[in-house]
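The values are calculated or read from the model by the stated rules, or taken from the named source; none is laboratory data. Note that this is a predicted model, so its numbers are computed, not measured. Every residue, glycine among them, receives a Cβ derived from its backbone with ideal geometry; neighbour counts consider all protein chains shown.
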Amino acid sequence: MTNIILCGGSGTRLWPISRTLMPKQFVKLFDDKSLFQLTIERNSKICESQFIVSNTEQYFLAQDQLEENSTFNIQHSTFLLEPIGRNTAPAIALACLSLPKDEIVLVTPSDHLIKDEAEYKKVLKKAQELAREDYLVTFGITPSFAETGFGYIQTRSEYNDECLMMNVELFHEKPDFETATKYLEENSKLSIQNLPLKFFWNSGMFMFKAGVFLDELQKYSPQIFESSKKAFTNAANKNLTPNAERLIRINHHDMIMIDSDSIDYAVMEKSDKVKVIPSDIGWSDVGSFDSLYDELQKDINGNTLNPNHIGVDSKNNLIYGNERKIATIDIEDMIIVDTTDALLISKKGSSQKVKEVVKQLTTHNSQLTNIHLTGYRPWGSYTVLEDKEGYKIKKIEVKPGKRLSLQSHKFRNEHWVVVSGKATITLNNDIFILNENESTYIKAGDKHRLANETDKILVIIESQVGSYTGEDDIVRYDDDYERDSIKS
């Protein structure tokens, strides 16, 4: 069985912790592990291989986090890189096209938490039995409250040889509170009569044979099937990397020709092969700060554990921040999230409104929704130390054996000082070495490259001066990671 892991999504409901270039699935929220890492650990006990669908930025984040687990064999993982997201139906189709038709796949998001792994294994075993019979299986979570942030599955129960079978009647998009309350009231009436429940939260997890899904996709959404097949064929015929068998890059033009649609709309709500398995597995999508509060450890006052928090007569608060001391006095039922460049304060119960903050920031073209002051790149990371009109100062760390792209800038000059390590510099037609406490100057328009050819981390301080110091002032001429020319 193969685990198809979907890494799309920016997780902006957890802003400012989660940003576009560091979405929630890669933020280490649980015992210094990310939801992505927990997904890998959980499913690698059940599945023989992993198929990770992501964009380019997430690919390098995923690689780094996979390599942190010394017991995990990254050679069992295949990556498929999407230049743009087209929702879950094309993502799953592209993955299934690379697998044998009879391969059973477990499709999971990368950003969900599952606490009852014993029950999870039982549920997957039931799903596997149905998948072998050519059913498309989805997993329904018993709703515990009138959640408006989830989709719902409406089921129809039937008995076959005295065995309960649950079929999908309808998929419902995120309802308003009144509608969600009605769903729970109907469930309550059925429960009192010891009858199967009718409404479940849509977990976004699925299991089926790769070929069965593709056949149903071709039947009900032929445009997505045909354009996905063309995109996959074009990618498979290009030897893009030495690891071509483990890395599939989809062409931008091919990807944009695929209709954007969810697996629910494209297949699941149309097919007559869909079964639902009720799954009480301790599931959470950690989709808001209220749900995150429920999952984090707390002290005797109900505050989330945080060594930087000093609480005086404060209780039942989510306190997140690892840079500064956070002191609270007579504070109750609050959400306080402190990052290096943004502070969020909210009442508990109102955290779904974070998306309105993100919307306003996006309207003003703020980079605060896109990236933290520390940005992670395939070659290492950079931290913005100061950013003012006309200049920017960064600390850059380059991993051993890695190098940045050969590039130039139109609007800024750069001055590099080596703090530790040894830098190999390409500047126009010259290549030279900089040791600790040595520096070089790069004029706007100069072709340049920074490389670390040693076995130790290279740290430099970069001072940028110019009329514009945005991350998109870059022209690439050569890049080891096949990125486009607008991201650093």
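Odds and ends about this structure:
- Answer residue from region 266-305, given it is in a helix (DSSP H, G or I) and aromatic (Phe, Trp, Tyr) and is surrounded by the fewest Cβ atoms within 10 Å (Cβ to Cβ) among those: TYR293
- For region 401-438, the tally of residues that are surrounded by 15 or more Cβ atoms within 10 Å (Cβ to Cβ), basic (Lys, Arg) and over 20 Å from ASP480 (Cβ atoms) stands at 1.
Listed here are the residues, each with its yes/no results for (1) outside any strand (DSSP E or B); (2) touching a residue at least 24 places away in the same chain (Cβ under 8 Å).
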| residue | (1), (2) |
| --- | --- |
| ASP134 | yes, yes |
| SER144 | yes, no |
| GLY149 | yes, yes |
| PHE171 | no, yes |
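- Just one of (1) on the phi > 0 side of the Ramachandran plot; (2) surrounded by fewer than 14 Cβ atoms within 10 Å (Cβ to Cβ) fails for ASP176. It is (1).
- Among all residues of region 48-70, there is at least one that is exposed (fewer than 15 other Cβ atoms within 10 Å of the Cβ) and among the hydroxyl-bearing types (Ser, Thr, Tyr).
- Scanning region 74-96 for residues that are among the hydrophobic types (A, V, I, L, M, F, W, C), touching a helix residue (DSSP H, G or I) at 6+ places or on another chain (Cβ under 7 Å) and either closer than 14 Å to PHE60 by Cα or surrounded by 20 or more Cβ atoms within 10 Å (Cβ to Cβ) (or both) gives ILE74, PHE79, LEU80, LEU81, ALA89, ILE92, ALA93, LEU94, CYS96.
For (1) modelled with pLDDT of 90 or more; (2) acidic (Asp, Glu); (3) exposed (fewer than 14 other Cβ atoms within 10 Å of the Cβ), each residue gets a yes or a no:
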residue: GLY204; (1), (2), (3): yes, no, no
residue: MET207; (1), (2), (3): yes, no, no
residue: ALA210; (1), (2), (3): yes, no, no
residue: GLN218; (1), (2), (3): yes, no, no
residue: PRO222; (1), (2), (3): yes, no, yes
residue: ALA231; (1), (2), (3): yes, no, no
residue: ASN239; (1), (2), (3): no, no, yes
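- Where a residue in region 421-432 is without any contact (Cβ under 8 Å) to a residue 40 or more places away in the chain and its partner, wherever it lies, is hydrophobic (A, V, I, L, M, F, W, C) and assigned to a loop (DSSP other than H, G, I, E, B), with Cβ under 7 Å and at least six apart: GLY421/ILE457
- Test result for GLY149, in contact with a Gly (Cβ under 7 Å, 6 or more places away or on another chain) and of a type in the set (Gly, Ala, Ser): yes
- Test: residue in region 107-123 that is of a type in the set (Lys, Arg), part of a helix (DSSP H, G or I) and surrounded by fewer than 20 Cβ atoms within 10 Å (Cβ to Cβ): yes
- Region 306-328, residues that are in a loop (DSSP other than H, G, I, E, B) and either over 18 Å from ASP32 (Cα atoms) or touching a residue at least 24 places away in the same chain (Cβ under 8 Å) (or both): ASP313, SER314, ASN316, ASN317, ARG324, LYS325
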